[in-house]
Amino acid sequence: MAAFDEKIEYEYVATNTTQEELTLEIVEHPARGWQVKKASHQWRREDADTLVFTVPLKPQSEAKITATILRLNVLPE
């Protein structure tokens, strides 16, 4: 049984239709053993299974959020 690396790419588009500035938090749960290789916005590791992106949105604006996650030594199921 051989382990392999898995690349996961996330892409979101968020729209603020209000007249107020907002901060959006996007929560993902990649399986254990992940690393963020590239992200368009600030992020934090909440715990081993939780990734949170923080996205500020100006009034009447849109943001594209992208990230590349690498999971190392994944075993086939």
### Query
Translational D (Stokes-Einstein, µm²/s) of the range 1-40 at 37 °C and 0.692 mPa s when Rh comes from the Kirkwood sum over C-alpha pairs?
239 µm²/s
## Note on the structure
In Å², rounded to a whole number, the accessible area per residue of the chain with probe 1.4 Å is 70 Å²
### Query
Between Arg45 and Leu70, what length comes free when the chain is fully extended (0.36 nm per residue of separation minus the Cα-Cα distance, one decimal in nm)?
7.6 nm
## Note on the structure
tail above 18 Å in the computed P(r) of the chain, as % of all Cα-Cα pairs, reads 46 percent
### Task
Would you pull out the residues with amide H under 5 Å of Leu24's amide H, same chain only if 5 or more places away, H placed 1.01 Å from N?
Val55, Leu57
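The values are calculated or read from the model by the stated rules, or taken from the named source; none is laboratory data. Just so we're clear, the structure is a prediction, and the values are computed from it rather than from any experiment. Accessible surface areas use protein heavy atoms only, side chains included; no ligands, DNA or RNA. Shrake-Rupley method; radii C 1.70, N 1.55, O 1.52, S 1.80 Å.
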